[in-house]
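Quick notes on the structure that follows.
Taken together, the values in this text are just the output of simple stated rules run on the coordinates, not laboratory data. Owing to the predicted nature of the structure, the values given are computational and were not obtained by experimental measurement. Backbone-built Cβ (ideal geometry, glycine too); neighbour counts: all protein chains shown.
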Ligand SMILES: [Zn+2]
């Protein structure tokens with residue numbers, strides 16, 4: 001399948017403007033198709049990204065550190081694959097290192113890379129957890145994403161303030177009740 005050009009994308013946006021009931025040739029809208037097409041390149045940059053790559057650079061000298069590492073409140077901007085509407089929220093990631101740790105900015109980049117695609121939040125949560133498990137090979141991983149779906153809050157059932165909070169726990173964070181509780185209470189701690 002040949003990738004559509006910028007002109008193809010702009011023509012599609014023009015069609016959507018007309019479909020919505022407006023005139024794509026009026027002054028305020030004249031440059032909108034090109035702006036929308038360019039913003040799509042940025043918002044869906046995840047298709048050009050390999051988030052697993054960010055996890056390759058690790059620090060092995062951790063001095064035997066084997067306690068839970070938790071990074072909270074990583075901003076998530078994603079798009080639901082059913083309506084192409086924004087899913088905005090926060091991700092919380094924890095892992096139990098086995099010999100190696102990764103810089104916290106790299107975890108944020110992994111979230112960014114996987115987020116900027118069309119998907120469902122459950123898959124996003126699982127993709128992040130599995131990438132960390134596969135590349136970093138920690139003793140366990142936990143990922144929780146709290147997010148508001150515009151398709152729920154702006155349209156359809158119109159439920160303002162409803163959030164979805166899927167989690168994916170792997171390895172020691174899933175199996176060891178104390179570690180699981182420690183991770184979940186750190187995440188819930190606001
Ligand atoms: Zn949706």
Given (1) assigned to a helix (DSSP H, G or I); (2) over 13 Å from the mean Cα position of the chain (by Cα); (3) within 24 Å of residue 54 (Cα to Cα), where does residue 141 come up short, assuming only one miss?
(1)
Filter region 73-84 down to the residues that are surrounded by 15 or more Cβ atoms within 10 Å (Cβ to Cβ) and within 16 Å of the ligand (Cβ to nearest atom), then identify the one that is nearest to residue 175 (Cα to Cα).
76
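Using the structure shown, decide if residue 15 is farther than 30 Å from residue 141 by Cα and either within 28 Å of the chain's Cα centre (by Cα) or touching a residue at least 12 places away in the same chain (Cβ under 8 Å) (or both).
No; evaluated as a whole, the condition is false for this residue.
Restrict the check to region 157-168 and report whether at least one residue is assigned to a helix (DSSP H, G or I), crowded, with 16+ Cβ neighbours inside 10 Å and within 16 Å of the ligand (Cβ to nearest atom).
Start the filter on region 157-168 by keeping residues that are assigned to a helix (DSSP H, G or I), which leaves none.
No - not one qualifying residue is present in region 157-168.
Going by what's in this entry, would residue 125 be described as buried (at least 17 other Cβ atoms within 10 Å of the Cβ) and within 15 Å of the ligand (Cβ to nearest atom)? Break it down into steps so the answer makes sense when it comes.
Details: buried (at least 17 other Cβ atoms within 10 Å of the Cβ): yes; within 15 Å of the ligand (Cβ to nearest atom): no.
Spelling it out, it is not the case that residue 125 is buried (at least 17 other Cβ atoms within 10 Å of the Cβ) and within 15 Å of the ligand (Cβ to nearest atom).
Can you tell me which residue in region 128-155 is farthest from the ligand (Cβ to nearest atom), limited to those that are free of Cβ contacts under 8 Å to residues at least 40 places away in the same chain and either crowded, with 21+ Cβ neighbours inside 10 Å or under 20 Å from residue 89 (Cα atoms) (or both)? Spell out how you get there, then give the answer.
Keep residues of region 128-155 that are free of Cβ contacts under 8 Å to residues at least 40 places away in the same chain, which gives 133, 137, 152-153.
Next, from what is left, pick out any that are either crowded, with 21+ Cβ neighbours inside 10 Å or under 20 Å from residue 89 (Cα atoms) (or both): 152-153.
Working: 152: 7, 153: 10 Å.
Ranking the qualifying residues of region 128-155, first place goes to 153.
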For region 33-72, the count of residues that are more than 16 Å from the ligand (Cβ to nearest atom), surrounded by 12 or more Cβ atoms within 10 Å (Cβ to Cβ) and within 19 Å of the chain's Cα centre (by Cα) equals 13
Residue count, region 90-118, condition within 16 Å of the ligand (Cβ to nearest atom) and out of contact with any helix residue (DSSP H, G or I) (no Cβ under 8 Å at 6 or more places or on another chain), comes to 1
